[in-house]
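Reading through the structure tokens given below for one structure.
The values are calculated or read from the model by the stated rules, or taken from the named source; none is laboratory data. Just so it is clear, the model here is predicted, and its values are computed rather than measured. For neighbour counting, all protein chains shown are included, and Cβ atoms are generated from backbone atoms with ideal geometry for every residue, glycine included.
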Amino acid sequence: MYTALRLQRKLKPELGRGDVEIVVVTPNPYMTYQPFLPEAAAGSISPRHVVVPLRRDLDGCTIVIGEARTIDHAKRTVTVATLATEEEGAGATEFTYDELVLAPGSISRALPLPGLADFGIGFKTVEEAIGLRNHVIEQMDIASSTRDPAIRDAALTFVFVGGGYAGVEALAELEDMARYTSRYYHNLKPEDLKWILVEAADHILPEVGEELGRYAVSELRARNIDVRLETRLDSCEDRVAVLSDGSRFPTRTVVWTAGVKPAPILAATDLPLNERGRLTCTAQLAVAGVEHAWSAGDAAAVPDITSDEPGAECAPNAQHAVRQTKVLAENIVASLRGEPLQEYAHKYAGSVASLGLHKGVAHVYGRKLKGYPAWLMHRVYHLSRVPTFNRKARVLAEWTLAGLFKREIVSLGSLEHPRAQFELAAGGRRNGRGDGNGAKKKEKDTGPQDGSDSGSSRGS
């Protein structure tokens, strides 16, 4: 989105004359600002303000809602499956191009653990974030209304796997939200909820450094969150989370945020990939060894020319990705006009992370901050980075209102099954939550199934 936005500005005269066409192929008609997903899950920001509508902001581009299946760069063609081709049963549509920008980012790296595909919940999309919020509140509803201690204990046990940005921020924000929500239940107390963070390494939040990582662990444990380092999830079959240290936790919530991998479309191209499956790129953000192909972000292995370490590459995070798009767009325009290209160079500035309302850690330009100052820096930084003035104003307005009024504690899980009540009224088959048997149906409704780590989108 950032590349297309800058291209339509730089090429406005050519677009006006019809000499240039910018086509954006994307599965969704919006861009998600992933650093705000934890706050959206906690109810601090409306979900619609976490996304940027492409058709409005890329008004100079042609937007194609679809999924690229294969790319033949030798022939300059890409096959795209769109909603129309699926309806028509016509397979995929073939597009031709002159210049290719391949920036699909990354997807969740879900390991083949028993039960994970059936019961795991991801945290990489806005749909997953809102689904998880609804799920947590529904589990509190179940625990409040049951007399079975086993069901109550499983409903109030929340296991998060992965100690990167995604896992820590999601857990911290949701624990904050659930603790506040519990005051409105006559038979639930904050200490009844059990929150468990599972991390295979001996520390969490490696981007902010060991010292702040240890502070984050102590902060979470002070809130009665069970942080288990050097521990792995072995399975979650039958709604029982089994850890490598032998612990077993009956739970209805396993949130997987343990890593990402390159998008599958990269393997369906004839472009050069490195050993990790990312596109091999030059410092000019061109795909190495071929012409008229460019990349940036998580999908691109870009040399870090500011590092003294041989073979160093830019980390796959938003700090680099957003800055790369500026150079990428400039270089595409320069190549079209026969001008020299520039190299991408950015020295890592640091990182910020939220640990819930008014709590956070930050390591920026060598300075370490904790608590409220770090949380404030986290908000200020991401407010400055969220695209478009429209979204900045809306997010700021929501934060202001959230400071003046009480949290929203409404679960809208029925949005996931909008036709359930009508199907029941029309005499159709009962499904979703339309049959009134809430506890049994919710037993099966765990939300999105793929794991995720939005940590790759962080960085300041």
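Some points to look at:
One line per residue, one yes/no per condition, for (1) surrounded by fewer than 15 Cβ atoms within 10 Å (Cβ to Cβ); (2) basic (Lys, Arg):
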residue	(1), (2)
ARG337	yes, yes
VAL352	no, no
VAL361	no, no
TYR372	yes, no
LEU376	no, no
HIS382	no, no
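- Qualifying residue in region 77-88 (condition: surrounded by 18 or more Cβ atoms within 10 Å (Cβ to Cβ), more than 28 Å from the chain's Cα centre (by Cα), not hydroxyl-bearing (Ser, Thr, Tyr) and not assigned by TED's automatic domain parsing to the domain that holds ILE409): no
- Residue match in region 313-323 (condition: out of contact with any strand residue (DSSP E or B) (no Cβ under 9 Å at 6 or more places or on another chain), assigned to a loop (DSSP other than H, G, I, E, B) and assigned by TED's automatic domain parsing to the domain that holds THR280): yes
- The helices (runs of 4 or more DSSP H) found entirely in region 110-174 that carry 3 or more residues being surrounded by 24 or more Cβ atoms within 10 Å (Cβ to Cβ) are 126-145.
- The set of residues from region 166-200 being closer than 23 Å to TYR348 by Cα and touching a Leu at 6+ places or on another chain (Cβ under 7 Å) comprises GLY167, VAL168.
- The one condition from (1) under 18 Å from TYR30 (Cβ atoms); (2) in contact with a Phe, Trp or Tyr (Cβ under 8 Å, 6 or more places away or on another chain) that GLU99 does not meet is (1).
- Annotation: HIS292 fulfils all but one of (1) in contact (Cβ under 8 Å) with a residue 40 or more places away in the chain; (2) surrounded by 23 or more Cβ atoms within 10 Å (Cβ to Cβ); (3) in contact with an Asp or Glu (Cβ under 9 Å, 6 or more places away or on another chain); (4) not charged (D, E, K, R); the unmet one is (2).
- Yes/no for GLU408 being charged (D, E, K, R), in contact with a His (Cβ under 7 Å, 6 or more places away or on another chain), farther than 30 Å from LEU100 by Cβ and not assigned by TED's automatic domain parsing to the domain that holds LEU11: no
- Residue among ALA68, ALA40 that alone is touching a helix residue (DSSP H, G or I) at 6+ places or on another chain (Cβ under 7 Å), part of a strand (DSSP E or B) and in contact (Cβ under 8 Å) with a residue 60 or more places away in the chain: ALA68
- Residues satisfying the criterion are absent from region 146-159 (criterion: touching a residue at least 24 places away in the same chain (Cβ under 8 Å) and within 20 Å of ASP298 (Cβ to Cβ)).
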